[in-house]
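Visitor: Here it is: the structure, laid out below.
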Amino acid sequence: MNELLAEAWEKALEGLVLHQDRQVLYLNPKAEELLEVTREKVVGRPLLLALRDHRLEALALQGGERTLEVRSRTLRVRALPGKLYLLDETELNRRLEALEEATQALAHELRTPLAGMGPLLEALTPRTPQEKEVLDLLKGEVARLSRLVRDLSLTQPGPKRTFPLEDLWTRLERLLNEKLRGRRVEVHLPHTAHTDPEALFQILLNLLDNALKYGQDPIRLLSREEGGRLLLEVRDQGPELPDYERLFLPRHRGFQGGAGQGLGLYLVRRIAQGLGGEAHARRDGTENVFSVALPLN
């Protein structure tokens, strides 16, 4: 078994550095490539000699997970006792940046024709129940496309103002009225936020919509302060997911599947980053937790 594991790590796409007492015990070929070192020259020698970066050394010794720019690469680094895992996300970030540019261009091009389609549909007078049904469907599709364009535009947020978070729940409850029927949703939003209210509204709308589609009751929407940040969490009792981080990649959904393009959580993270914050997901006991952390000031 040990030989099979060793062979697997020799061919792995993720870098691995094993260390003990600040000495390098092993690093695989991918770690050699990412750190730009030769293992024959660093195995058995000080850890810093292999890492050549005090941030990497501190993370290796203290534990945790971070994304760092190292040797002109974007590395996602995870440190466990005696182990340092390195994943190259340089190409992924380049593609995400290209996607961001494309979405902004798409939103700009769609905004004007969609704005004109709504009034045109409102001006039509259906003559039969069938025509009314088709017209209502068309109006619904135009409204859906308009919301998508607004989502894409909000990755570059607008002006900030101070407002109670409860104000957002009033709007969310009205918009999600049909989906909330028969569901158990608990809301506790005692805090005040200073940010772009439209951007934060869209974040919570996407998170709640996601929980109502895939989660199980009770669904809880909470706010709290922690470490100088405002945390907003949507919690549900859905099944544990195999990889929470990948849910934030475009066109990726959990094993629940479902309709849609898999952009909801990707947009949540992009909008949160535009507000100076971050979005994450994790398992906490029996709950899936989707959270956004924003600066208090």
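We did not get these values from a lab; they are worked out from the coordinates using the rules stated. It should be emphasised that the depicted structure is a prediction, and the values quoted were computed from it without experimental measurement. Here the Cβ positions follow ideal geometry from the backbone for every residue, glycine too, while neighbour counts run over all protein chains shown.
Visitor: Enter the angle in degrees (range 0 to 90, nearest 10) between the Cα long axis of helix 166-175 and the first principal axis of the Cα atoms of the chain, meaning the one along which they spread out most.
Guide: Taking the Cα atoms of the chain, the angle to 166-175 is about 60 degrees.
Visitor: In whole Hz, what ³J(HN,Hα) sequence does region 270-283 give by Karplus (6.51, -1.76, 1.60; θ = phi - 60°), x for Gly and Pro?
Guide: Each residue of region 270-283 in turn: 5, 5, 4, 5, x, 8, x, x, 8, 10, 9, 9, 7, 9 Hz.
Visitor: Please list, in chain and number order, the residues 5+ apart from E14 or on another chain whose amide H is under 5 Å from its amide H, with Hs placed from the backbone.
Guide: none
Visitor: I've got another one for you. For the ranges 75-83, 224-232, what's the packing order if you count other beta-carbon atoms within 10 Å of each residue, average per peptide, and put the highest first?
Guide: For the peptides 75-83, 224-232, the packing ranking is 75-83, 224-232.
Visitor: While we're here: How long, wide and thick is the chain, going by the Cα atoms along their three principal axes, in whole angstroms, largest first?
Guide: 82, 41, 39
Visitor: For L80 and D217, calculate 0.36 nm times their separation in residues minus their Cα-Cα distance, and state this gained length in nm to one decimal. Before the final figure, lay out each step's value.
Guide: Values: separation 137, 0.36 × 137 = 49.32 nm, distance 3.44 nm.
Contour length minus the Cα-Cα distance gives 45.9 nm.
Visitor: Still on this structure: Sorted by mean Cβ packing within 10 Å, highest first, what order do the peptides 234-240, 60-66, 203-209 take? Write out the running numbers ahead of the final one.
Guide: On the way: 234-240: 18.7, 60-66: 13.3, 203-209: 22.3.
The most tightly packed comes first, giving 203-209, 234-240, 60-66.
Visitor: Karplus couplings for region 229-244 from phi (6.51 cos²θ - 1.76 cosθ + 1.60, θ = phi - 60°), rounded to Hz, Gly and Pro as x?
Guide: 10, 9, 9, 10, 10, 10, 10, 9, 9, x, x, 5, 9, x, 8, 6
Visitor: Can you give the Rg to Rh ratio for region 161-295, taking only C-alpha atoms and Rh from Kirkwood?
Guide: A ratio of 0.93.
Visitor: Treating cross-link reach as a plain straight distance, find the lysines whose alpha-carbon is under 28 Å from the alpha-carbon of K11, omitting any fewer than eight places away in the same chain.
Guide: K30, K41, K83
Visitor: Which whole-number percentage describes the relative contact order of the chain, with Cα contacts under 8 Å and a sequence gap of 6 or more?
Guide: About 11 percent, as a whole number.
Visitor: Within straight cross-link reach of K132, meaning Cα distance under 26 Å, which lysines are found once same-chain residues fewer than 8 apart are removed?
Guide: K179
Visitor: Can you give me the long-range amide H partners of A193? Hydrogens built in the peptide plane at 1.01 Å from N, cutoff under 5 Å, separation of 5 or more residues or another chain.
Guide: Those lying under 5 Å, H to H, from A193 are F163, L165.
Visitor: I've got another one for you. Lys/Arg Cβ at +1, Asp/Glu Cβ at -1, dipole of the chain taken about the Cα centre: which of V187, L294, Q130 is farthest positive-ward?
Guide: Q130
Visitor: Taking θ as phi - 60°, what are the ³J(HN,Hα) couplings along region 127-134 by the Karplus curve (6.51, -1.76, 1.60), each to the nearest whole Hz, with x for Gly and Pro?
Guide: So the Karplus estimates, Gly and Pro as x, are 9, 9, x, 5, 5, 5, 5, 5 Hz.
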